[in-house]
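Shown next, in structure tokens, is the structure this report addresses.
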Amino acid sequence: MKRKDVIITDSIIQALFILLKEKELSEISITDLVAKAGVSRSSFYRNFNSFENVIYSYFMDKTQSWWKENEQAFLYGEKEVETSVFEHLLTMKEEILLVYQKGLYYPFEKHVFDCSKGGRSLIDKEQAYLTARVSGIICGLVNEWIRRGMTDPPAYVAGFLRRRTDYKAGE
């Protein structure tokens with residue numbers, strides 16, 4: 001992406017989060033957003049197709065950058081992936097809590113699922129189901145963590161990814 005496009009998309013993303021602090025999404029127009037971002041309407045539509053796409057792009061860009069910075073450490077066992085994921089999410093705590101408060105959790109959850117796929121096309125049925133299982137577990141843990149204000153330490157929450165769950169009848 002060209003530097004100019006990065007500046008434009010960053011401006012739009014920042015402007016949307018600023019506006020979401022002030023208003024509900026239904027009260028924000030494209031005109032409001034581009035005015036706050038200092039860009040044209042065509043710049044918005046050239047880069048995004050909806051407000052939800054702006055939110056999704058923010059989380060995907062942050063997570064892809066984080067992954068690129070840490071991938072080698074994960075591959076060589078120098079860093080634990082599970083805890084690092086929740087540490088990464090903490091760096092976006094303000095934005096995550098804001099989108100959840102505004103009922104805009106779908107773009108964030110889609111980002112979690114798409115990251116779980118790792119950019120792979122899931123044609124193989126078994127791989128698709130396994131990925132859905134892992135994504136569901138991660139989304140469930142993240143949702144509960146967010147509901148609790150993201151106050152529990154990342155290592156504590158990540159521990160639940162490694163735990164086996166035994167259900168007991170009648171409890």
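Any read-out appearing in this document is the output of simple, stated calculations on the displayed coordinates, not a laboratory observation. All figures in this text were calculated on a predicted structure; none of them were measured in a lab. Note: ideal-geometry Cβ built from the backbone for every residue, glycine included; neighbour counts use all protein chains shown.
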Checking rank on 143-153, 69-79, with mean other Cβ inside 10 Å and highest first, the result is 143-153, 69-79
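With r defined as the distance between the Cβ atoms of Lys23 and Gln101 and R0 fixed at 22 Å, what FRET efficiency is calculated, to the nearest 0.05? Can you show the working numbers first?
Numbers: r = 12 Å, r/R0 = 0.56.
So the FRET efficiency works out to roughly 0.95.
Quick one, what does Rg over Rh come out to for the chain if you take C-alpha atoms and the Kirkwood Rh?
On the Cα set of the chain, Rg over Rh gives 1.01.
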Tilt, helix 3-22 to longest principal axis of the chain (alpha-carbon atoms), in degrees rounded to tens, equals 80
If one compares the long axis through the Cα atoms of helix 105-117 with the longest principal axis of the Cα atoms of the chain, the angle in degrees, nearest 10, works out at 60
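Between Glu126 and Ala35, how high is the FRET efficiency from 1/(1 + (r/R0)^6) when r is the Cβ-Cβ distance and R₀ = 45 Å? Nearest 0.05. It would help to have the intermediate numbers written out before the result.
On the way: r = 49 Å, r/R0 = 1.10.
So the FRET efficiency works out to roughly 0.35.
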Relative to the chain, whose Cα atoms define the longest principal axis, helix 81-90 and its Cα axis are tilted in degrees, nearest 10, by 40
For the stretch 1-129, the dipole about the Cα centre with charges only on Cβ (Lys and Arg +1, Asp and Glu -1), to the nearest 20 debye, works out at 560
